[in-house]
Amino acid sequence: MNIFAVIFMNFWGFDIFIFLAAIFNGIVFYLVKRSADALKGRMTHKIFVPHFNLSRRESDRQAAELREEDVLELRGSMDRFYALFVNITGIFPLLGILGTVVSLLGLVSDMENVTGNFYGALTSTFWGLIFAILFKFLDGVISPEIESNEKNVRIYLDSKTAEETGAAQQVPEEAVNEADTENAEPVTIHSGPFEPEVITPESGGEEVGDEE
């Protein structure tokens, strides 16, 4: 029997569900890739040097327009699609085993077509393994970009936190310095037979009073 005729003989049986799951997972992979590329493109102008086809001014403008809410939304979208992709990829071997079991159960009710049912049972396992290997390969292609995006987002969020913390600390220090200057009392220095010298914060250390 032709090998291609064997592997497609149960296509309109249980194997069709495996193919539909594969098509759906392919769409999810496309969404993962698109989300990862979008996040990478936005983070590149903030973390790395400008893209070769962008001017420095254009890159700085895009980096300035980057908002924390947009970064978190893009990362959330990427993580959701990637988690769905990984979970669906993991069920293909199970779908193959399930199709095999369903086809073998058909042997009980149809003992006259034992060979056909047995071949049909094997095709479900075959397609389950084929799609599991295929999507596992695609997972290996996309996972480095996912990890790189996660690292860049952490760097960006840490830098934003550091900037906000530095700005929050700078304002109280300036207020304290101004308050110390306003509340400082004049300092009187006795200099022998001459009149006492009075130094105030406003005078910047200049002498107040006339010498005899």
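No value in this document is a laboratory result; all are computed from the given coordinates. On a predicted model such as this, the values are computed, not experimentally measured, just so you know. So basically every Cβ, Gly included, is an ideal-geometry build from the backbone, and we count neighbours across all protein chains shown.
Values computed for the structure shown
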| item | result |
| --- | --- |
| MET43, MET9 arranged by Cβ crowding within 10 Å, fewest neighbours leading | MET9, MET43 |
| Peptides ranked, highest mean first, by Cβ atoms within 10 Å: ranges 31-40, 149-158 | 31-40, 149-158 |
